[in-house]
Amino acid sequence: MGAMRVEQLWRYPVKSMQGESVETIDIGRHGLAGDRSWALLDHATGLTLTARRVPELLFATGVLVEGADGGRAHVRLPDGTETDDDAALSGWLGRDVALVTANGEVAGTYEIAVDAEHEDTADWVTWTGPTGSFHDSTRAQVSIIGVDTLRDWPVRRFRPNVVVTGGDEDDLVGARVTAGGRGGAVLDIVKRIGRCVMVTRPQPGGIERDLGVLRTVNQERDTFLGVGALVRRPGRVAIGDELTSASEITDLGEES
């Protein structure tokens, strides 16, 4: 592999909400510290909410607040109000929700329309994600995208954890890489990431609804953009760190 380096690091404390860029961060067994560690649970359906069903989520920001209990997430609403109160969050969305944390026993259940072009009339299907975090896939605790892959699209459309320079991230699939040198994290790059309607959603800062993004990914990249990794060894990663080859993975397992 070429000399790939970490250009950006991102985490998203509350699922489907805006996150934050960081200079350095610990990567644990479930991904970047605090990443997708909280979510809104819809009491009526039992589903974990995402911007696939509720696009308004992308106009709020998840904020991690340190505390004696190890920390909690707050939600910064579009009007600037910051809260972790379920009643306030329910009033904002017009549905009965609770801000819940990920744990090792309960997994999120998510839904998606089978036809991104006609969501209003399409069937919706559900699936269950991993325990310990609110990632979509059991096989992508860390997502990686190359700057060249992003073209001129805003990075926030794709919500990656790690943005790299110096090569094509697709070439990493099947490899075990170290990010951060001694004391860094070791990642198994196990899959390409299939994209969905999330990348078309409007977001703050002038990102408009654009179905053309997903159409382009589908037509030119066979639905995939970015790669997903599992954490082989926790460690600390910083912007500027080089990704170095550790070994080749012989069993990538099944796609999910």
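Select from the range 142-158 the residues that are open to solvent by 20 Å² or more (accessible area, probe 1.4 Å) and either under 18 Å from E20 (Cβ atoms) or among the acidic types (D, E) (or both) and list them in ascending order.
Start the filter on the range 142-158 by keeping residues that are open to solvent by 20 Å² or more (accessible area, probe 1.4 Å), which leaves 147-148, 151-156.
Within the range 142-158, D148, D152, P154, V155, R156 qualify.
For the range 68-81, does any single residue satisfy the condition of being out of contact with any Pro (no Cβ under 6 Å at 6 or more places or on another chain), in a strand (DSSP E or B) and at pLDDT below 95? Please lay out each step first, then the result.
Applying the first criterion (out of contact with any Pro (no Cβ under 6 Å at 6 or more places or on another chain)) to the range 68-81 yields 68-72, 74-81.
Now restrict to residues that are in a strand (DSSP E or B): 72, 74-76.
Still in the list and also at pLDDT below 95: 72.
Yes, because at least one residue in the range 68-81 is out of contact with any Pro (no Cβ under 6 Å at 6 or more places or on another chain), in a strand (DSSP E or B) and at pLDDT below 95.
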Q | G104 open to solvent by 20 Å² or more (accessible area, probe 1.4 Å), on the phi > 0 side of the Ramachandran plot and of a type outside the set (S, T, N, Q) | A | no
Q. In this structure, is G183 small (G, A, S), over 16 Å from the mean Cα position of the chain (by Cα), assigned to a helix (DSSP H, G or I) and surrounded by fewer than 17 Cβ atoms within 10 Å (Cβ to Cβ)?
A. no
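Does D168 count as open to solvent by 40 Å² or more (accessible area, probe 1.4 Å), in contact with a strand residue (DSSP E or B) (Cβ under 8 Å, 6 or more places away or on another chain), without any contact (Cβ under 8 Å) to a residue 12 or more places away in the chain and not hydroxyl-bearing (S, T, Y)? Working first, answer last.
Values: open to solvent by 40 Å² or more (accessible area, probe 1.4 Å): yes; in contact with a strand residue (DSSP E or B) (Cβ under 8 Å, 6 or more places away or on another chain): yes; without any contact (Cβ under 8 Å) to a residue 12 or more places away in the chain: no; not hydroxyl-bearing (S, T, Y): yes.
No; evaluated as a whole, the condition is false for this residue.
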Q: Could you grab the pairs with beta carbons closer than 6 Å, sequence gap of 6+ or different chains, first residue in the range 105-125 and under 9 Å from R52 (Cβ atoms) and modelled with pLDDT of 95 or more, second one of a type in the set (S, T, N, Q) and crowded, with 16+ Cβ neighbours inside 10 Å?
A: Y110/T48; Y110/T50
Q | Residues located in the range 82-98, provided they are part of a strand (DSSP E or B) and not polar (S, T, N, Q) | A | E82, V97, A98
Q: Kindly indicate whether any position in the range 186-209 is part of a strand (DSSP E or B), under 19 Å from R221 (Cβ atoms) and open to solvent by 50 Å² or more (accessible area, probe 1.4 Å).
A: yes
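Could you list, in sequence order, the residues of the range 107-118 that are over 18 Å from the mean Cα position of the chain (by Cα) and open to solvent by less than 30 Å² (accessible area, probe 1.4 Å)?
A113, A116
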Q | Residue satisfying all of: in the range 1-16; in contact with a strand residue (DSSP E or B) (Cβ under 7 Å, 6 or more places away or on another chain) and open to solvent by 40 Å² or more (accessible area, probe 1.4 Å); nearest to G94 (Cα to Cα) among these | A | R11
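What is the residue count in the range 17-50 for residues that are part of a loop (DSSP other than H, G, I, E, B), open to solvent by less than 10 Å² (accessible area, probe 1.4 Å) and touching a residue at least 60 places away in the same chain (Cβ under 8 Å)?
First pass over the range 17-50, keeping only residues part of a loop (DSSP other than H, G, I, E, B): 17, 19, 22-23, 29-30, 33-37, 43-47, 49-50.
Now drop any that are not open to solvent by less than 10 Å² (accessible area, probe 1.4 Å), which leaves 17, 35, 49-50.
Those left that are additionally touching a residue at least 60 places away in the same chain (Cβ under 8 Å): 35, 50.
So the answer is 2.
The values are calculated or read from the model by the stated rules, or taken from the named source; none is laboratory data. If you're wondering where the values come from, they're calculated on a predicted model, not measured in any experiment. Positions of Cβ are generated from backbone atoms using ideal geometry, with glycine treated the same way; all protein chains shown enter the neighbour counts. Accessible surface is based on the protein model in full, side chains and every heavy atom, while ligands, DNA and RNA are left aside. Shrake-Rupley method; radii C 1.70, N 1.55, O 1.52, S 1.80 Å.
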